[in-house]
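Take a look at the structure below.
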Amino acid sequence: MRTWTLANMPDQTGRTAVITGATSGLGLAVAHALSARGARVIMAVRNIAKAEALRPQFPGADLAIHKLDTSDLDSVSSFAADLESRGDQVDVLINNAGIGNQPHAVSAQGHELHLATNHLGHFLLTALLLPNLANGKDPRVVTVASFMYKLGHFDFDNLHLTRGYNSGRAYSNSKLANVLFATELDRRLRATNSPVQSMLTHPGIARTPMISSAPGPILSRLTGSIAGLLGRPATQAALPINYAATAPEAPAGQMLSPGKTLRKTQVTQEPLRAKGFTPEAATTLWTHSENLTNAPYPTPQTP
Ligand SMILES: NC(=O)c1ccc[n+]([C@@H]2O[C@H](COP(=O)([O-])OP(=O)(O)OC[C@H]3O[C@@H](n4cnc5c(N)ncnc54)[C@H](OP(=O)(O)O)[C@@H]3O)[C@@H](O)[C@H]2O)c1
């Protein structure tokens, strides 16, 4: 357990962060924190008008806003291609955008929407930005998971939950996918001596629109009450993300969270334990994700 606040964040001048889902909740809180310490922030968002309306909250900041719908692999590819053609250097990628507890739907490519939005889009985005990140200053990929990963479990014959769809299972599986992805990425980056680090975080329960606007009056009242009692404001819940993105001592490949108590200054490293968190699940999900996205990850060397 570490005591860490935004006052401990090193100067971020000269670093650029791409933040997915920066228009709300945790992503917006991280955009504020990083830009306040001098980072250039690229808001990667599905709703440009919503992001532009937030611009006055960032007076004097170096802020760029670009279109990215993480549920649509074509949008992810266009975002990455545009970034390269502008010659933007990226030092930190924050894979944060997410949806939860939505009725069954599929993405533009026909993938279950939670998996597509929360995992597959970020899987492809990371692969496309890795060569750029490798030239970055203290380069990091930060994945925002959830403790709900513990309830996730993949049946790879039913990856898109076409049989027995349940919105809670869809969210938990997508967050398990985040955990399997970030830890497998860490393993692969270390194996190739990459300068890029894969960081993994969860925010606990955060009082953000995702929690307060769950679909349906009963679910939204329930989640709203839980968040009111046990939740943290977004700025506080985002602390592990900011820590993972900037603290020199932050460990890669470990779950960083705000801990169980509601202390404001705490970042905790939690053991990774869940039925669905196995090395076999990590490699199988990686293969499925590569096949579904055509993400250009380097082929690992066989010893
Ligand atoms: N809140 C919690 O208690 C909690 C707990 C554990 C983990 N998390 C994780 O934290 C992350 C952020 O959630 P939050 O609580 O900050 O929720 P939020 O306030 O609802 O923010 C979600 C963000 O993701 C964006 N987004 C959704 N679908 C997208 C898409 N297809 N393409 C691009 N952006 C998209 C949203 O954009 P719009 O503004 O356009 O809707 C918004 O900016 C998520 O990954 C979530 O799973 C949250």
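Taken together, Ile19, Ile48 contain a single residue that is out of contact with any helix residue (DSSP H, G or I) (no Cβ under 8 Å at 6 or more places or on another chain) and within 12 Å of the ligand (Cβ to nearest atom), which is Ile48. Each residue in the stretch 203-262 was checked for being within 11 Å of the ligand (Cβ to nearest atom) and part of a loop (DSSP other than H, G, I, E, B), and 9 of them qualify.
Among all positions in the stretch 103-125, there is at least one residue which is farther than 19 Å from Ser75 by Cα and more than 14 Å from the chain's Cα centre (by Cα). Taking the condition away from the ligand (no atom under 14 Å from the Cβ) and aliphatic (A, V, I, L, M), does Leu161 pass? In short, yes.
Select, from Arg140, Arg188, the only residue that is touching a residue at least 12 places away in the same chain (Cβ under 8 Å), touching a strand residue (DSSP E or B) at 6+ places or on another chain (Cβ under 8 Å) and either over 22 Å from Lys260 (Cα atoms) or not β-branched (Val, Ile, Thr) (or both). The unique qualifying residue is Arg140.
On the basis of being in contact with a Leu (Cβ under 8 Å, 6 or more places away or on another chain), within 14 Å of the ligand (Cβ to nearest atom) and without any contact (Cβ under 8 Å) to a residue 60 or more places away in the chain, does Ser146 make the cut? No: the conditions fail for Ser146. Residue pairs whose Cβ atoms lie under 6 Å apart, separated by 6 or more positions or on different chains, with the first residue in the stretch 1-28 and surrounded by 20 or more Cβ atoms within 10 Å (Cβ to Cβ) and the second small (Gly, Ala, Ser) and in a helix (DSSP H, G or I), are Ile19/Gly27; Ile19/Ala31; Gly21/Gly27; Ala22/Ala31; Thr23/Ala51; Gly25/Ala234; Leu26/Ala234.
Within the stretch 146-175, track down each residue that is among the polar types (S, T, N, Q) and in a helix (DSSP H, G or I). Residues satisfying the conditions are Asn158, Ser167, Ser172, Asn173, Ser174. Based on this model, can you work out whether Gly27 counts as at pLDDT 95 or above, outside any loop (DSSP other than H, G, I, E, B) and small (Gly, Ala, Ser)? Here the answer is yes, as Gly27 does meet what is asked. Filtered by the rule that a residue be closer than 11 Å to Asn118 by Cβ and more than 16 Å from the ligand (Cβ to nearest atom), the stretch 164-189 gives no residues. Being more than 16 Å from the ligand (Cβ to nearest atom) and either assigned to a strand (DSSP E or B) or in contact (Cβ under 8 Å) with a residue 24 or more places away in the chain (or both) is not true of Pro56.
The values are calculated or read from the model by the stated rules, or taken from the named source; none is laboratory data. All values reported here derive from a predicted model rather than from experimental measurement. So basically every Cβ, Gly included, is an ideal-geometry build from the backbone, and we count neighbours across all protein chains shown.
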